[in-house]
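The values are calculated or read from the model by the stated rules, or taken from the named source; none is laboratory data. Since this is a predicted model, take the numbers as computed values, not measurements. Backbone-built Cβ (ideal geometry, glycine too); neighbour counts: all protein chains shown. Areas reflect the complete protein model, heavy atoms only, side chains present, ligands, DNA and RNA absent. Shrake-Rupley method; radii C 1.70, N 1.55, O 1.52, S 1.80 Å.
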Amino acid sequence: MKLGRRATTTLALLGTTVLMTAVQTVSAQAHDASLRDLAKQRGIRIGTAVNVDALADDSQYASVVGDQFNSVTAENVMKWETVEPSPGTFDFAPADTLVRYAARHHQEVRGHTLLWHNQLPGWLTDGVADGSITADDLRDILHRHITAEVSHFKGKIYQWDVVNEVLNEDGTLRDSIWSQKLGDSFIADAFRWAHQADPHAKLFLNDYNIESKGAKSDAYYDLVKRLRAQGVPIDGVGFQGHLDIQYDFPSDLADNMARFDALGLATSVTEADVRIPLPADEADLTRQASDYSGMLAACLATEHCTSFTVWGFTDAYSWVPGTFEGEGAANLYDESYQPKPAYTAVADTLAKQRPGHGHHGGHRH
Ligand code: G3I
């Protein structure tokens, strides 16, 4: 078809208008689209830890979980004290509630956590302390626990924090019932047993204060190299990301994640929050926003960083004030579910192109 000059000009003008509208839409997206929609474009999961009581009792809480995130982590209900309250008796009911919620909302689930020194049931810590649980017993108990829990959720959990917080700040093995009775052999065992129970789940080590290079993250680097050399099925390392605006931002985070990536491992930011000495003023919230976007940008810059999870999203339910006296306001939303500057910073960072990735990047892990 041949068009006259007038028609061509009109079409060209129309084209320009359409293009301008498209550009405006893209820049407005950072503010209008949900975090999960933006994350999808970047080939990354955006997650939150979920307080299962709040999910049941607080409809505003539940709707933000569903609207904004495409990955969820149980804040507490997959931990040992909840899952195996007495020896060999398992209670997955609260965790199942979360897994069902996630399925209904087309979300994936990160598993947290199979082995930790904290939130262990009394029967286990008491039994080790009074000698009624021997080293051999403990190894069997760990095997049984990991097998039962991973099998229960088989196919429903994309990443497990298999071993949580096992190193000290100086990089040595943390003192716990595990290290006291089993030396360091429990780490490789835990990964092998988890892999046997669900060969498709990606298996992670997870810890805090490893964002920067230093004694602790260097020790993790050596540990994963060693485990890999021994053929232990470990897939990734989780950088928890519990920051505090009183300290410097770990500006070598991307660099640090890159060296784990270079070993062929996946990485994730698993528990991001940024606490503030209260009351928080505007400058504090601006600094907090920059710390959140800095952690997310480091993850986006790392080729196989698969998810960015915040440890709760509203100041209404944060663990921080109960642990750090006089501190709080650590989350993306305030106590009344108003998005804070940190929320906008995360959305803006997700709206940017991911370095080295196409427009629709895909998950590898
Ligand atoms: O379940 C009991 C309840 O029965 C009792 O009435 C109540 C009274 O205090 O306590 C409840 O247990 C609390 C539990 O959370 C469940 O709500 C514990 O006191 C409380 O200490 C526990 O805190 C959790 C903490 O881990 C335990 O170390 C936090 O919610 C949770 O956010 C936090 O998460 C950890 C990650 O798993 C690992 N990395 C660090 C992160 C922050 O500490």
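At 7 Å along the Cα-to-beta-carbon direction for both ASP218 and PHE324, put a label point, then send me their distance in nm to one decimal.
In this crude label model, ASP218 to PHE324 measures out at 2.6 nm.
Multiply the residue separation of SER185 and HIS105 by 0.36 nm, subtract the distance between their alpha-carbon atoms, and state the gained length in nm to one decimal.
24.9 nm
Please check: in the Gaussian network model of the chain (C-alpha springs, under 10 Å), which one of GLY312, GLY111, GLY264 has the largest mean-square fluctuation.
GLY264
If each residue of separation counts as 0.36 nm, what is the full-extension length gain between ASP170 and ASP67 once their alpha-carbon separation is subtracted?
In short, 33.0 nm is gained.
GNM on the chain, C-alpha springs below 10 Å: top fluctuator among GLU81, GLU282, GLU108?
Checking each option, the largest mean-square fluctuation is seen for GLU282.
At a 1.4 Å probe radius, which order do ARG259, ARG275 fall into by accessible area, largest first?
ARG259, ARG275
Please identify, among THR323, THR73, THR302, the residue showing maximal mean-square fluctuation in a Gaussian network model of the chain using a 10 angstrom Cα cutoff.
Comparing THR323, THR73, THR302 in a Gaussian network model of the chain, the most mobile one is THR323.
Taking 25 Å as the cut-off for C-alpha to C-alpha distance, list the pairs among LYS202/LYS340; LYS79/LYS181; LYS40/LYS79; LYS154/LYS181 that go past it.
LYS202/LYS340; LYS40/LYS79; LYS154/LYS181
How many percent of all Cα-Cα pairs in segment 133-209 sit more than 17 Å apart?
When every Cα pair of segment 133-209 is considered, 46 percent fall beyond 17 Å.
Quick check: from the Cα gyration tensor, does segment 302-353 come out rounded (a/c under 1.5), prolate or oblate?
Because a/c hits 1.5 or more and a/b fails to exceed b/c, segment 302-353 counts as oblate.
Order TRP319, TRP193 by their accessible area, 1.4 angstrom probe, all chains in place, largest first.
From most accessible down to least: TRP319, TRP193.
Mind giving me the nanometre distance, one decimal, between the label points for THR97 and ASP255, set 7 Å out from Cα along Cα→Cβ?
Going by the 7 Å Cα→Cβ label model, 4.6 nm.
At q = 0.08, 0.10, 0.14 Å⁻¹, what is the log10 ratio I(q)/I(0) for the chain, with the Debye formula run over Cα points and no solvent?
-0.42, -0.63, -1.19
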